[in-house]
Amino acid sequence: MDFSINPARPGQICKIVSDIPDMESEQVYIVAEDPAGSASHETIEVVELKELQRNIKDPAAARRQLIPKDQLVVISEDLETYVRSWNDR
């Protein structure tokens, strides 16, 4: 997978590529909206994986954040593939 691509569809797993105040660079995010129509500098809605885990019984309650699309890099195409990759490390 090319880790230099910005998000293109909901459900992709991403990390931040540069320092953004009040955001952890090692945090993992899931794209929560369709970013296809967004320009690279526009913000898209994401949810932290750990926030989703905290709200496992009610995923809709997980806090969403807005991050510029060009500040995110895709590290996995979906959550299932990302979790499976833990066994490959």
Considering the chain, what Rg and Dmax in Å follow from its alpha-carbon atoms?
12.4, 35
Placing each pseudo-label 7 Å from Cα in the direction of the beta carbon, E77 and N55 end up separated by a distance in nanometres of 2.8 nm
Quick query: amide H of V28 versus all other amide H atoms, modeled in the peptide plane; which residues come in under 5 Å with a sequence gap of 5 or more or a different chain?
L49, K50
What accessible area per residue, rounded to a whole number of Å², is obtained for the chain using a probe radius of 1.4 Å?
62 Å²
Accessible surface of the chain, 1.4 Å probe, proportion on carbon and sulfur as whole %
49 percent
Not counting ligands, DNA or RNA, and with a 1.4 Å probe, what is L52's accessible surface area in Å² rounded to the nearest 10?
40 Å²
Taking the Cα centre of the chain as origin, sum charge times position over the Cβ atoms of Lys and Arg (+1) and Asp and Glu (-1), and report the length of that vector in debye to the nearest 20.
260 debye
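The values are calculated or read from the model by the stated rules, or taken from the named source; none is laboratory data. Owing to the predicted nature of the structure, the values given are computational and were not obtained by experimental measurement. We place every Cβ from the backbone using ideal geometry, glycine too, and count neighbours over all the protein chains shown. With ligands, DNA and RNA removed, areas are computed over all heavy atoms of the protein, side chains included. Shrake-Rupley method; radii C 1.70, N 1.55, O 1.52, S 1.80 Å.
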